[in-house]
Each structure stands twice: as C-alpha cells, then as structure tokens.
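Beneath this line is the structure, given in structure tokens, with notes to follow.
All of the numbers you see were taken from the coordinates with simple rules; none came from a lab. In this text the structure is predicted, and so the values were computed from the model without any measurement. Methodologically, a virtual Cβ is constructed for each residue, glycine included, from the backbone with ideal geometry; neighbour enumeration extends over all protein chains shown.
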Amino acid sequence: KTSTKKILITGGAGFIGSHVVRRFVNNYPEYEIYNLDVLTYAGNLENLTDIEQAANYHFLKGDICERSYITDLFETYKFDAVIHLAAESHVDRSITDPFAFVETNVMGTLNLLYAAKQIWGTDTNEKLFYHISTDEVYGTLGETGLFTEETAYDPNSPYSASKASSDHFVRAFGETYNIPYVISNCSNNYGANQFPEKLIPLFINNIINNKPLPVYGDGNYTRDWLYVVDHAVAIDLIFHKGKNKETYNIGGFNEWKNIDLVKLLCKQMDAKLSREEGTSEQLITFVKDRPGHDLRYAIDASKLNKELGWKPSVTFEEGLEKTIDWYLNNEDWLKNVTSGAYQQYYEKQYK
Ligand code: NAD
C-alpha cells in the first residue's frame, strides 16, 4: 500500500491516536496525514506539539457523529485510507452514559464507513479502512485460556458492546460493499499522554498528590498490558502488511492482577519520589466493584507475531518506568488536564 497518499486518522488527539499520528507523520513524509478529532475531554492537541508544524500533518476539528460533515470531508479530501481510533473509550463512563457510546462508537463508525463507500465505490484498489478495537469485545475469561481471533464476541459493558457493534459494521461493509478493511483488537494500553481517569495515570497522579488509590473489588481482576508505543508499531505493521478482511489481536504477553500491578507501581513511584518503600502502598483502598466487571482478559497475539513478526519492545517494568518518568516530567500537562483548564484553552483556540 505504498502508493497510499492521504490518510485520515480519527481520534488523533487522544491517547493512542497521538502516538499513531506521530509515528505516521515522522516515518512517512510521503503520506499526508489528516487528524480528525472533535477534542472531547480526552482529546488534547498538547499531545502533538512536537509534530504540529510538520509539512505532512493537518488537523481537522470535527465530529464523526455529523454525517453530512463527514461525507463532505471525504468529498473534499478523497482520503485513500482511514485509521479509525476516535471513540468514547472509558468503561466507567459507559456505565453512566451508554448513549454517548452508541452515538460515537457505533453511529460515528457507520458515518465513516458510509462516506468511504460513497467515495471509493467499486474503485477500492489500494484503499483501506483500518478499525482500531479492543479485546473487551470477547467478554471475560476464567483463570485459564486466551482470546484468539476466533473467540466469539461476548461483550459485557456498554463500552465493549458499542465497540463490538462497530467491529461488526466494519466487517459487514467489507462483505456487503467490498470495502477493504482490517480490524485489530488490543489489550489495555499504558504510556505517555493517557488521560488520568484510566488506572495507571490515575494512580500515578494520586500517588503524587497523596490521594487514595481505589482498587475495585478484591483487586484480583486480571488484564494484559501493552506499552502504547508498541501498539503504534503494531498498527503501522498491520496498516502496511495486514491482509484484507483479517482481524489481528494485539497484546503484551503481559498479564497482571490489578493488585500486583498497583503494588509494582507503588514501588516504582516510591523510588522515583525518594519516598520510603511502602509509603505509596498505604494509599491503596478497596472500593465497591464495577457492575458487569470482567474477571480476566488475556490476548493471544501469536498470529501478529508469526505473520507480521511483531513483538513488544519493552518489558512491563521498563514501560512502566518510562511512563512514570513522562508524567513526572510533564506535570503541567497533568495539571492542565486535571484542572480542566485545557478545555478552555481549546475553546479559545478553535472557536
Ligand atoms: P481516548 O479517549 O484517549 O481518545 C479518543 C479520541 O477520540 C479523543 O481525542 C477524542 O477527542 C476523540 N473523539 C471522541 N469522540 C469523537 C467524535 N465524535 N468525533 C471525533 N473525535 C472524537 O481513547 P484511546 O484510549 O486513545 O483509544 C483510542 C481507540 O483505541 C478507541 O477506539 C479505543 O476503543 C481503542 N482501544 C483503546 C485501548 C486502551 O487501552 N486505551 C485498548 C484497545 C483499544
């Protein structure tokens, strides 16, 4: 797909999207990269200050939920490929406001697919719709077993149900209208620029501020964790080498029970902040479980490993240390995001 020229990346101001945009802008000067983002609370252009002046980077402020705007955008720019990351992404928010998740994740995806179909028609040579999804669509595992690409969908939260639905629409557009597509389902990401509502940055921020660390239930929930830069590398590989109509699971081969992860984080934070070992652990408090909480997710990423030669580049300990360093070195970013001041900044900037 080396002749692909205009790539629309949605949600590029968010956590994972910003790492993907950076990689594509820097590694592929021959591509024009269009970052479409409406800048919700989770979108932050400060994530991209290092590349915003690049000649092949373009920012478009807009909403994937606005169908006619999206159709016009495709008419105007005639994108060759889409890497779709824009979404409502936080499970807890989906429990309080499921409608926003259906609007953005399902209807927004459908708007993009429909606009792509309108523009591409039957001329789909070298075109690609790449949908970024989650392992949460597979539901939950018991103590053993792994999610493979063949695992049946069994989503339990409004978030995962909306992502599962969007995956199905992508597949349906491939079957019905011959839209070339790939889907990847990835485990929990962590790293720089993650909004501090998600476990790792939330707890880093709370430890800095000596606030309690709320661990759900008994802390025995198990997740696979992947360093966000390694996810961006996988997305790059799948975009260029993935096969049409295929799904790829992406995971870190790195399962952690929440409580063990939190203890490791506390230990690393104590060392970084020159606090006595055990200080941060005292902040752990167990809180009432989230409803519909999946016990365990674990990904079998061997297809991606065997077919495309991908594997994570850092151990969890290394990735976590890099992540902690980033948050400690970017206190202003953290303060802006947590105070809500960054929203006002963007209102001024873009209205
Ligand atoms: P995020 O919440 O940090 O970023 C989402 C971005 O999408 C934000 O910049 C936001 O402004 C933008 N956005 C939201 N609604 C929009 C709309 N209507 N129009 C245009 N832009 C909109 O999310 P993330 O953690 O970076 O996740 C990105 C994608 O990866 C999502 O599709 C998510 O489901 C998927 N994913 C995330 C993880 C993870 O661990 N974070 C794991 C697997 C898959």
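Please build a GNM for the chain, connecting alpha carbons under 10 Å apart, and tell me which residue among Gly43, Gly219, Gly191 fluctuates the most.
Judging by the Gaussian network model, the answer is Gly219.
Excluding Ile33 itself, what net charge comes from residues whose Cβ is under 13 Å from its Cβ, given Lys and Arg +1 and Asp and Glu -1?
Working: positive: Lys5, Lys6, Arg22, Arg23; negative: Glu30, Glu32, Asp37, Glu52, Asp80, Asp236.
For residues surrounding Ile33, the net value is -2.
Restricting the count to DSSP beta bridges whose residues both fall in the chain, what percent are antiparallel, rounded to a multiple of 5?
Numbers: 4 of 42 bridges.
Counting DSSP beta bridges with both partners in the chain, the antiparallel share is about 10 percent.
Connecting C-alpha atoms closer than 10 Å in a GNM of the chain, tell me which of Lys117, Lys288, Lys241 has the biggest fluctuation.
Per the Cα network of the chain with a 10 Å cutoff, Lys288 tops the list.
Between the stretch 185-248 and the stretch 261-281, how far is it from one alpha carbon centroid to the other, in angstrom?
Between the Cα centres of the stretch 185-248 and the stretch 261-281 lies a distance of 20 Å.
Of the candidates Leu73, Leu273, Leu295, which one comes out as most mobile in a Gaussian network treatment of the chain with C-alpha springs shorter than 10 Å?
Checking each option, the largest mean-square fluctuation is seen for Leu273.
If you average the C-alpha positions of the stretch 25-74 and of the stretch 97-113 separately, how far apart do those two centres end up, in angstrom?
Measuring centre to centre over Cα atoms gives 19 Å.
Run the reach check for Lys5 against lysines, Cα to Cα strictly under 29 Å, same-chain hits fewer than 8 apart removed. What comes back?
Partners within reach: Lys61, Lys78, Lys117, Lys127, Lys163, Lys241, Lys243, Lys245, Lys303, Lys306, Lys311.
Around Gly108, with a cut-off of 10 angstrom between Cβ atoms, what is the net charge of the other residues, counting Lys and Arg +1 and Asp and Glu -1?
Charge balance near Gly108 sits at -3.
Across every pair of different alpha-carbon atoms, what Kirkwood hydrodynamic radius in Å does the chain reach?
20.7
Pick out, in residue order, every one of the GluC sites (Glu not before Pro) in the stretch 13-46 that is DSSP loop and has at most 13 other C-beta atoms within 10 Å; say none if there are none. Before the final figure, lay out each step's value.
On the way: sites: Glu30, Glu32, Glu46; in loops: Glu30.
In loop regions of the stretch 13-46 (DSSP not H, G, I, E or B), the sparsely surrounded GluC sites (Glu not before Pro) are Glu30.
Would you calculate a helix-derived [θ] at 222 nm for the chain, using -39,500 (n - 2.57) for each DSSP H run of n ≥ 4 and dividing by the full residue count, to the nearest 500?
Calculated at 222 nm, the ellipticity per residue is -12500 deg cm²/dmol.
At most 14 other Cβ atoms within 10 Å and a DSSP loop assignment: could you name the chymotrypsin sites (Phe, Trp or Tyr not before Pro) in the stretch 99-169 that fit?
In loop regions of the stretch 99-169 (DSSP not H, G, I, E or B), there are no sparsely surrounded chymotrypsin sites (Phe, Trp or Tyr not before Pro).
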